[in-house]
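Below: one structure, written as structure tokens.
Laboratory data are not the source of any read-out in this text; all were calculated from the coordinates shown. Since we're looking at a predicted model, the values are computed, not measured. Neighbour counts run over all protein chains shown; Cβ positions are idealised from the backbone, glycine included.
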2 protein chains.
Amino acid sequence: MTEQFVCNPIGRVSSPYKEKGDAPAQGREKNLVSRIIIDPGFAGGLEGLTVGQQIFVLCWFDRSARDGIKVHPRGKMENPLTGVFNTRSPARPNPVSLTLVTIQEITDNILTVCGLDALDNTPVIDIKPYSGKIDEPMQA
Amino acid sequence: MTEQFVCNPIGRVSSPYKEKGDAPAQGREKNLVSRIIIDPGFAGGLEGLTVGQQIFVLCWFDRSARDGIKVHPRGKMENPLTGVFNTRSPARPNPVSLTLVTIQEITDNILTVCGLDALDNTPVIDIKPYSGKIDEPMQA
């Protein structure tokens with residue numbers, strides 16, 4: 001009854017984080033350099049992006065569990081269980097990550113970025129330019 | 001050869017925008033009220049969210065084309081074609097939207113929010129709390 005949608009990766013992450021536990025809870029905490037290798041068929045979609053620009057990278061965390069509805073924030077048992085949609089846990093019904101990074105280099109179909117928190121070989125499903133007009137919190 | 005991933009909606013949008021063309025290019029431009037109706041099986045995932053909190057809503061824009069690699073920003077022909085990953089166009093290889101909204105009301109499995117730009121009945125695939133620590137642009 002429930003419709004499903006098929007996500008096709010547009011590329012992969014090449015990252016210094018090889019195994020679960022290597023990656024920081026948030027990429028900015030280590031701020032290491034990763035590369036995003038876009039499939040050649042999608043590389044034209046990078047046109048217009050520039051070095052220094054901030055982008056949201058959306059990955060599919062393919063090694064994360066998908067069955068959690070309540071989670072311990074940051075995976076720490078001492079943090080009380082809360083709803084998964086009130087956390088940035090990678091283990092979520094659709095394990096889509098959202099990370100704001102800065103482009104350091106662009107070479108053909110490869111973006112070098114700083115601050116990504118994805119394991120090596122993680123599928124990338126989308127890239128969006130950051131825009132202060134719509135991505136900054138609204139005033140209360 | 002290329003792996004694919006299945007996205008299961010966690011709920012649906014109930015919105016004043018009924019047909020393509022009704023919705024603003026960005027929700028904040030009209031700032032109307034929408035409701036996010038979470039499937040009961042996922043409603044526990046909302047625990048901890050509060051009125052006034054800002055959240056990212058990720059939808060699957062199921063009525064958008066997926067074949068564009070170059071697009072005219074904001075769908076205006078006078079805007080020169082650019083790479084789709086340098087735009088927030090809803091028409092993209094994986095039509096996942098990202099919109100920051102404020103929670104106005106929470107009643108059981110229903111969130112009332114302001115500023116969403118999704119058509120009525122659009123599937124919702126994820127909700128994430130906004131966090132200044134990771135979602136504000138880095139200093140250059």
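One table, with the values for the structure above:
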{"quantity": "Residues of segment A:13-35 satisfying the condition of being buried (at least 16 other Cβ atoms within 10 Å of the Cβ) and facing chain B (nearest Cβ under 10 Å)", "calculated": "A:25, A:26, A:27, A:28"}
{"quantity": "Candidate set from segment B:122-138 (those that are in contact with a Pro (Cβ under 7 Å, 6 or more places away or on another chain) and assigned to a strand (DSSP E or B)); member that is nearest to the other protein chains (Cβ to nearest Cβ)", "calculated": "B:125"}
{"quantity": "Residue, farthest from residue A:135 (Cα to Cα), within segment A:73-121, restricted to residues that are without any contact (Cβ under 8 Å) to a residue 40 or more places away in the chain and in a strand (DSSP E or B)", "calculated": "A:107"}
{"quantity": "Top-ranked residue in segment A:107-121 [being over 9 Å from the mean Cα position of the chain (by Cα) and at the interface with chain B (Cβ under 10 Å from one of its Cβ atoms); ranked as nearest to residue A:64 (Cα to Cα)]", "calculated": "A:115"}
{"quantity": "Search result, residues across segment B:59-68 that are touching a strand residue (DSSP E or B) at 6+ places or on another chain (Cβ under 7 Å) and either surrounded by fewer than 21 Cβ atoms within 10 Å (Cβ to Cβ) or over 20 Å from residue A:97 (Cα atoms) (or both)", "calculated": "B:62"}
{"quantity": "Filter pass, residue B:51 being among the β-branched types (Val, Ile, Thr) and facing chain A (nearest Cβ under 10 Å)", "calculated": "no"}
{"quantity": "Residue check, residue B:49 part of a loop (DSSP other than H, G, I, E, B) and surrounded by fewer than 21 Cβ atoms within 10 Å (Cβ to Cβ)", "calculated": "yes"}
{"quantity": "Condition check for residue A:45: among the small types (Gly, Ala, Ser), over 13 Å from the mean Cα position of the chain (by Cα) and more than 8 Å from chain B (Cβ to nearest Cβ)", "calculated": "no"}
{"quantity": "Failed criterion for residue B:104 (all others in (1) on the phi > 0 side of the Ramachandran plot; (2) among the polar types (S, T, N, Q); (3) over 13 Å from the mean Cα position of the chain (by Cα) hold)", "calculated": "(1)"}
